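> One structure follows; several queries about it will come next.
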Amino acid sequence: MQTRALVRLGANACIIGRDAEKTEAAAKDIATVRPGAKVIGIGGCDVRRVENLKAAADRCAKELGGIDFVIAGAAGNFIVSMEAMSSNAFRTVMEIDVLGTFNTIKATMPHLLQSPDARINYVSATFHYTGMPMQGHVAAAKASVDSLMASVALEYGPRGVTSNVISPGAIADTEGAARLISTDEAALKHHSRSIPSGRLGTVKDIADATVYLFSPAGSYINGHVLVVDGGAWRRQGGS
Ligand code: HXC
């Protein structure tokens, strides 16, 4: 949805994924939002392998003429208690979220530094503000993503690259909400009432925040965590 919104507004884009068929189909679908849009789908790309990302970034820059905006959004997630989680399960999520984010920065930074107006947006979460049962691995990983974002803001702000996090809350009609809350209408309604804004988020809420950060209106925002959750995180932990 983030990429779709940016393409609708005039951007060309490259998306990556592990599954070639799904990634290429998604790219084709996104390209339909604007006549003339160029959207490349690169499959077989695992964010844990920096060489995959470097090849993808180089191809993207070559075919689209450069890279101005990067969304680092790869995330592993499953619901599991600490005692049931294997060390490999913990490592897998840390590697997808943290190493994957580092690899994304590493692969795209040479191209971003050529851009007159470069922006990076990381997709994080709010679990680590309070801790979250059954999400210990994800909370640890997202804390690291926020930290990487801040270091990039300080290190590359002077060289013209802004670096910000968007932290979504529960988003309606997504696998995440279904897994972490419920698919049951009544349960979702009940959960909505606990959110200060009175509703679940939408994918459009996240796309709108991304457009804002990537627009001229967001040019002086650097090193910021933008929580897009209707105020929910302020009640996390039971207050
Ligand atoms: C316990 C699990 C598990 C599960 C995998 N593992 N799934 N452990 N419960 N449900 C363990 C495996 O047993 C294995 O450990 C280790 O994790 C690696 O699994 P693999 O299948 O070999 O890894 P891989 O194929 O590389 O990746 C698996 C994956 C990934 C990490 C589970 O497929 C994944 O996360 N898919 C979901 C992605 C997703 O939904 N992303 C959106 C996130 S959105 P052992 O010890 O057995 O070898 C989000 C925001 C939610 O997070 C916000 C909602 C409010």
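The values are calculated or read from the model by the stated rules, or taken from the named source; none is laboratory data. Owing to the predicted nature of the structure, the values given are computational and were not obtained by experimental measurement. Every residue, glycine among them, receives a Cβ derived from its backbone with ideal geometry; neighbour counts consider all protein chains shown.
> Consider only pairs whose beta carbons are under 8 Å apart and that are at least six residues apart or on different chains; among these, list those whose first residue lies in the stretch 70-85 and is closer than 27 Å to ILE16 by Cα and whose second residue is of a type in the set (Lys, Arg).
Cβ pairs passing all conditions: VAL70/ARG119; ASN77/ARG179; PHE78/ARG179; ILE79/ARG179.
> Can you name the number of the only condition in (1) in contact with a Gly (Cβ under 7 Å, 6 or more places away or on another chain); (2) over 24 Å from LYS204 (Cα atoms); (3) of a type in the set (D, E, K, R) that GLU155 fails?
Status for GLU155: all satisfied but (1).
> Also: So, THR126, is that one within 11 Å of the ligand (Cβ to nearest atom), modelled with pLDDT under 95, buried (at least 17 other Cβ atoms within 10 Å of the Cβ) and farther than 21 Å from ASN103 by Cα or not?
Details: within 11 Å of the ligand (Cβ to nearest atom): yes; modelled with pLDDT under 95: no; buried (at least 17 other Cβ atoms within 10 Å of the Cβ): yes; farther than 21 Å from ASN103 by Cα: yes.
So THR126 fails the test.
> Would you check if there is a residue in the stretch 57-70 being hydrophobic (A, V, I, L, M, F, W, C), in a helix (DSSP H, G or I) and under 21 Å from ALA143 (Cβ atoms)? Talk me through it step by step, then tell me what you get.
Within the stretch 57-70, the subset hydrophobic (A, V, I, L, M, F, W, C) is 57, 60-61, 64, 67, 69-70.
Right, trim to in a helix (DSSP H, G or I) and you get 57, 60-61, 64.
With under 21 Å from ALA143 (Cβ atoms) added as a condition, the list becomes none.
No: zero hits.
> When you go through (1) surrounded by 19 or more Cβ atoms within 10 Å (Cβ to Cβ); (2) not in a loop (DSSP other than H, G, I, E, B) one by one for MET94, which number turns out not to apply?
In the conditions (1) surrounded by 19 or more Cβ atoms within 10 Å (Cβ to Cβ); (2) not in a loop (DSSP other than H, G, I, E, B), MET94 misses (1) alone.
> Condition first: of a type outside the set (Ser, Thr, Tyr) and either in contact with a Leu (Cβ under 8 Å, 6 or more places away or on another chain) or within 11 Å of the ligand (Cβ to nearest atom) (or both). Can you find one or more residues in the stretch 146-158 that meet it?
First, pick out the residues of the stretch 146-158 that are of a type outside the set (Ser, Thr, Tyr): 146, 148-150, 152-155, 157-158.
Next, only the ones that are either in contact with a Leu (Cβ under 8 Å, 6 or more places away or on another chain) or within 11 Å of the ligand (Cβ to nearest atom) (or both) stay: none.
No - not one qualifying residue is present in the stretch 146-158.
> In addition: I need the full set of residues from the stretch 173-197 which are among the aliphatic types (A, V, I, L, M), surrounded by fewer than 16 Cβ atoms within 10 Å (Cβ to Cβ) and within 15 Å of the ligand (Cβ to nearest atom), in order please. Lay out the reasoning, then the answer.
The first filter runs over the stretch 173-197 and keeps only residues among the aliphatic types (A, V, I, L, M), leaving 177-178, 180-181, 186-188, 195.
So of that shortlist, the ones also surrounded by fewer than 16 Cβ atoms within 10 Å (Cβ to Cβ) come out as 178, 186-187.
Hits for the stretch 173-197 are ALA178, ALA187.
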